[in-house]
Amino acid sequence: MNIVLLGPPGSGKGTQGQLLAERFDLAQLSTGDLFRQILQDPDHPLYDELQIVKQGKLVSDEVVNAVVEDAIKKLGNAKGIIFDGFPRTVAQAQALDKMLNSMNKRVDVVLDFNVAQDVLLQRLLGRRVCPDCKRVFHIKQRYVECPDCKVQLVTREDDNEEVIMKRFKEYNEKTAGVKEYYLDSDCAYINLTVDDADTTPEEVHQQIISELAKRGLAQ
Ligand code: ADP
Ligand code: ZN
């Protein structure tokens, strides 16, 4: 089963992706994580090109597609992949279909996370991440270090109000078309609405499982 996670920054794609990956034994492919990793290595051929990430702007389709194609190859014979943060444009969605088709695979499920912008902003401003396992926390949980990796949590460089607003704008302008693209395809399209800041990740996860179960895709 290949799953695309669609939703604005802070909507819970990473957290839910992790829970789904564990539950269904799928691989997780986050373009944001891949880019942040490359940005730690000044000698990487894409280092200069990816500086744009720090401004909250989208990386070019050409670069994103090449990075994803390479990552899919490295995952080899995974049972399925959860795509987090990709595709973000229609051209990327088309490229993904091509890549999967060539392996006799397809996008089976799209999960579209809808969350009010004020909730998103509060989540992003309080977000802390584990630099090792990438698990996401919120300052209200009062963790200083990752309970699993025992390393200090960090704030992402692009989680400041100015850059967050640019990321929202990019999402609204460029990613809207991706919804239409998948609504017109024959994949299972699941709309999730989270309008309460206190809804826990586990509750959202259960909501996803029950939607998948309705379609015969989970028990
Ligand atoms: P978020 O969803 O919280 O904004 P991500 O970790 O998914 O964060 O992405 C971080 C940044 O990486 C984006 O703001 C953008 O600059 C870049 N990026 C990630 N995925 C893509 C993509 N599919 N296309 C273009 N740029 C991307
Ligand atoms: Zn960790």
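Taking segment 90-120 as the region of interest, how many residues are of a type in the set (A, V, I, L, M, F, W, C) and at pLDDT below 95?
Residues flagged as of a type in the set (A, V, I, L, M, F, W, C) and at pLDDT below 95 within segment 90-120 amount to 5.
For segment 94-134, what are the residues that are within 16 Å of ligand 2 (Cβ to nearest atom) and touching a helix residue (DSSP H, G or I) at 6+ places or on another chain (Cβ under 7 Å)? So that I can check it myself, show each step before the final result.
Of segment 94-134, the ones within 16 Å of ligand 2 (Cβ to nearest atom) are 127-134.
Once the filter is applied, which keeps residues that are within 16 Å of ligand 2 (Cβ to nearest atom) and touching a helix residue (DSSP H, G or I) at 6+ places or on another chain (Cβ under 7 Å), segment 94-134 yields ARG128, LYS134.
Being more than 14 Å from ligand 2 (Cβ to nearest atom), open to solvent by 80 Å² or more (accessible area, probe 1.4 Å), touching an Asp or Glu at 6+ places or on another chain (Cβ under 9 Å) and not basic (Lys, Arg): is that true of ASN191 here?
Yes; evaluated as a whole, the condition is true for this residue.
For segment 136-154, enumerate the residues that are out of contact with any Gly (no Cβ under 8 Å at 6 or more places or on another chain) and closer than 18 Å to PRO8 by Cα.
PHE137, the sole residue that qualifies.
Checking GLY126 against (1) open to solvent by 40 Å² or more (accessible area, probe 1.4 Å); (2) within 26 Å of ILE208 (Cα to Cα): exactly one of these is not met. Which one?
Going through the list (1) open to solvent by 40 Å² or more (accessible area, probe 1.4 Å); (2) within 26 Å of ILE208 (Cα to Cα), GLY126 breaks only (1).
In segment 121-145, what count of residues is obtained for those that are within 12 Å of ligand 1 (Cβ to nearest atom) and outside any helix (DSSP H, G or I)?
The qualifying residues number 4.
Determine, yes or no, whether GLU69 is over 26 Å from LYS169 (Cα atoms), open to solvent by 20 Å² or more (accessible area, probe 1.4 Å) and either within 17 Å of the chain's Cα centre (by Cα) or more than 16 Å from ligand 2 (Cβ to nearest atom) (or both).
yes
Open to solvent by 50 Å² or more (accessible area, probe 1.4 Å), more than 19 Å from PHE83 (Cβ to Cβ) and more than 9 Å from the chain's Cα centre (by Cα): which single residue out of GLN55, GLN37 fits that description?
None of the others qualify; the one that does is GLN55.
May I ask you to list the residues in segment 146-169 that are in a loop (DSSP other than H, G, I, E, B) and away from ligand 1 (no atom under 13 Å from the Cβ)?
CYS146, PRO147, ASP148, CYS149, LYS150, VAL151, LEU153
Taking segment 105-123 as the region of interest, how many residues are open to solvent by 40 Å² or more (accessible area, probe 1.4 Å) and either out of contact with any strand residue (DSSP E or B) (no Cβ under 7 Å at 6 or more places or on another chain) or aliphatic (A, V, I, L, M) (or both)?
Qualifying residue count, segment 105-123: 6.
The values are calculated or read from the model by the stated rules, or taken from the named source; none is laboratory data. Just so it is clear, the model here is predicted, and its values are computed rather than measured. No Cβ is skipped: glycine too gets one built from the backbone with ideal geometry, and neighbour counts run over all protein chains shown. What goes into the accessible areas is simple: the full protein's heavy atoms, side chains included, and nothing from ligands, DNA or RNA. Shrake-Rupley method; radii C 1.70, N 1.55, O 1.52, S 1.80 Å.
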